[in-house]
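Right, one structure below, let's go through it.
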Amino acid sequence: MLKMRTAAIGVTSLLLATSGLAVATSPAGAQPAPDKAAPSTTGEFERGCDAYLWLGIYGTTDTFKHKGRKTSLQTEKAPDWHAITEAKNVAWGDAISVQRSLKPFKMGDKPRYPSTVEVTGEGGGIKSCDHDVTLWEAGVKDKATTDTVWLQSDDSHSYAVRACVHPDGEESQCGRWYIDHK
């Protein structure tokens, strides 16, 4: 009976310790992402998110794998205002980001996929909403999500958005740019 009580105390202590760690590291935008998140472009670059994670209906717009991480750009379908990055199979120390152009583009009948040169030129540069993967996300959830950036500025204009993953100690990778359609 003494052995069972010791085991129960050990498990309870472990649960309390990891809960405290999760609470201490859980805010999505609390930690800045490392400098490796900055793209090598000639346009303006700024860090920051447009809003906290918005509870909307999101759908996958683009997906890619890099260094074992499955990363996807998620765009909101209703009400169609925000974009986020979601990464699975993440490790503690990784960073992820959702990026958008600083200026919106005119939307057409079909989605567009501009180059980085177009986004830094015509789009005015890049804004990056960065998120460092926490121990809780890597060890328990095995998934991380950024806060949001704006997807559409009005009924006829959309920002170019993309997802990026920055594995700890490895080369970063970004998906393709996406401009929403009407």
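The values are calculated or read from the model by the stated rules, or taken from the named source; none is laboratory data. Remember, it's a predicted structure, so these values are computed and weren't measured experimentally. Here the Cβ positions follow ideal geometry from the backbone for every residue, glycine too, while neighbour counts run over all protein chains shown. Ligands, DNA and RNA are stripped out before the accessible areas are found, and what is left, the full protein with its side chains, is counted by its heavy atoms. Shrake-Rupley method; radii C 1.70, N 1.55, O 1.52, S 1.80 Å.
In this view, the solvent-accessible surface of ASP168, computed with a 1.4 Å probe and all protein chains in place, comes to about 90 Å². Note on GLU170: accessible area is roughly 90 Å² with a 1.4 Å probe, heavy atoms of protein only. A 1.4 Å probe, protein heavy atoms only, puts the accessible area of ILE57 near 110 Å². Cα centroid separation, the stretch 110-168 to the stretch 51-78: 9 Å. Shown is the FRET efficiency for ILE57 and LYS143, computed with R0 = 22 Å from the Cβ-Cβ distance and rounded to the nearest 0.05: 0.75. For SER156, SER97, the ranking by accessible surface with the largest value first comes to SER156, SER97, using a 1.4 Å probe. On the beta carbon distance between GLU171 and ALA78, with R0 = 35 Å, the FRET formula returns roughly 0.45.
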